[in-house]
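A short reminder: the numbers here are calculations on the coordinates, not readings from a lab. All of these numbers come straight from a predicted model, not from anything done at the bench. No Cβ is skipped: glycine too gets one built from the backbone with ideal geometry, and neighbour counts run over all protein chains shown.
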Amino acid sequence: MNSKIKLLAIGIVIGVIGWGGFNWSLALTNTEEFCISCHEMEANVYKELQETVHWSNRTGVRATCPDCHVPKDWMHKVVRKIKASKELYHKMLGTIDTPEKFDEYRLTMAMSEWKRMKETDSRECRNCHNFASMNLDKQEERSAERHEPHLWEVTDGKEPSRTCIDCHKGIAHTLPQGWEEAVDNDPLLKVELTKEEKEALAE
Amino acid sequence: MRKSNLGTAIILSVLLSVFVTSAYAVGSLRGEYDLDKESKTFEKKKQIKNKGFDRNYTLQPPLIPHSIEKDKVTLKGNTCMKCHSAKNFQKEKAPKAGDSHYLDRDGKVLSKISSRRYFCMQCHVPQLDAQPLVDNNF
């Protein structure tokens, strides 16, 4: 009897420590410092990010790697982290350990990020960018023109709809060579034209 | 021995005073401003963004009316062509790079942008709201 209670107590303690440790390591691996502790990331994508608005801008709000690459809510985050174990495996294999190898593999990596973002309707972008708060008057002509609400927030059931990443590829890093053909040939990533656009093209 | 020492001292001090006076004679580029003060207020110019600039003469490469910070023209790619290529311009509601951009030097029509027109910013530039420093009579 006594030993059973002891066992339960030990179980609870281990559970608490394990749970805490799990969440702690989740938090620890969810920082930019962690992401760029691999030189593969530091030497390539991190350097490129530094040239963009998401690094330095008028308002001083910064996007870090996990802001765009790791979901915020717990469930999706854990799923993404489990998938990321593949990345550890490739790290050990040295799949992208030189800039040349990185460039060779970049299209594959970019395609998988684009697919992930397309599938989630660019969820991570929308964590920060909210259409309702965007003032189209204050945007550049060419931005406002393309931000028709029905195109990218399906409010009136118009198809096909679009999501941020359909139009905003390469906002944070250099685009891989041959990306345009690759996207056109991918059934998920291919951007379907709207009826209006098809009419305009036919003219 | 002594005398030459004295001589050197005199020469040195004369030289020194020449240096000192000449140092005063040379005006600093900072003008009258103290080292710990800002010399001039910095006048920041902004890029002009609009629907497009009028051209001043036929065959002028049109000026760029939007920001181009994000765009990169490198060996691996040219992001201007995301919007200005023959394939994408309608979808992106952008003007198509002129037909002249698709000709090689023998006048043959190419399907992709000509390498002679690859480096867009060689001819197309954005404009700031700044007055030219030197007048231009062109």
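Tally Lys/Arg at +1 and Asp/Glu at -1 over every other residue whose Cβ is under 14 Å from the Cβ of A:Ile12; what's the total? Please list the in-between numbers first.
On the way: positive: A:Lys4, A:Lys6; negative: none.
Computed value for this residue: +2.
The residues neighbouring B:Lys49, those whose beta-carbon lies less than 10 Å from its own, together hold a net charge of +1 under the Lys/Arg +1, Asp/Glu -1 convention.
Loop-located GluC sites (Glu not before Pro) across segment A:11-54 with a Cβ neighbour count of 15 or fewer within 10 Å are A:Glu51, with loop assigned by DSSP. Its Cα centre serving as origin, segment A:38-192 has a Cβ charge dipole (Lys and Arg +1, Asp and Glu -1) of approximately 700 debye.
Applying both filters, DSSP loop and at most 11 other Cβ atoms within 10 Å, to the trypsin sites (Lys or Arg not before Pro) of segment B:42-98 gives B:Lys44, B:Lys45, B:Lys46, B:Lys51, B:Arg55.
Reported value for segment A:39-202: 149 Å³ per residue, from the convex hull of its C-alpha atoms.
Between beta-carbons, use under 14 Å as the cut-off and find the net charge around A:Glu124, counting Lys and Arg +1, Asp and Glu -1. Counting the neighbours of A:Glu124, the net charge comes to +3.
Annotation note: GluC sites (Glu not before Pro) in segment B:39-136 located in DSSP loop regions with a Cβ neighbour count of at most 11 within 10 Å are B:Glu43, B:Glu69. In segment A:39-202, a dipole from Cβ-located charges (positive for Lys and Arg, negative for Asp and Glu) runs towards its positive end, and of A:Ile171, A:Trp74, A:Tyr105 it is A:Trp74 whose Cα lies farthest in that direction.
For the protein assembly as shown, the alpha carbon positions stretch 109, 79, 41 Å along the principal axes, listed from largest to smallest. Each residue of segment A:78-90 was assigned a 3J(HN,Hα) from its phi angle through the Karplus expression (A = 6.51, B = -1.76, C = 1.60, θ = phi - 60°), giving 4, 4, 5, 5, 5, 4, 5, 4, 4, 5, 5, 4, 5 Hz with x at Gly and Pro.
Dipole of the protein assembly as shown computed with +1 at Lys/Arg Cβ and -1 at Asp/Glu Cβ about the Cα centre; of A:Met134, A:Leu8, B:His84, farthest Cα towards the positive end is A:Leu8.
Given an 8 Å cut-off on Cα distances and at least 6 residues of separation, report the relative contact order of chain A as a percent. Present the calculation step by step, with values, prior to reporting the outcome.
Working: 122 pairs, mean separation 38.3, N = 203.
Normalised by residue count, the contact order of chain A is 19 percent.
Of the three principal axes defined by the Cα atoms of segment B:45-132, the extents in descending order read 40, 28, 25 Å. In a reduced charge model with +1 at each Lys and Arg Cβ and -1 at each Asp and Glu Cβ, the protein assembly as shown shows a dipole moment near 780 debye about its Cα centre.
Give me the dipole magnitude in Debye, nearest 20, for segment B:45-132 about the Cα centre, with unit charges on the beta carbon: positive for Lys and Arg, negative for Asp and Glu.
Numbers: 18 positive and 8 negative charges, 61 e Å.
Using Cβ point charges on Lys, Arg, Asp and Glu, segment B:45-132 gives about 300 debye.
Residues whose amide H falls under 5 Å from that of A:Thr120, counting only those 5 or more places apart or on a different chain, are absent, with hydrogens built in the peptide plane.
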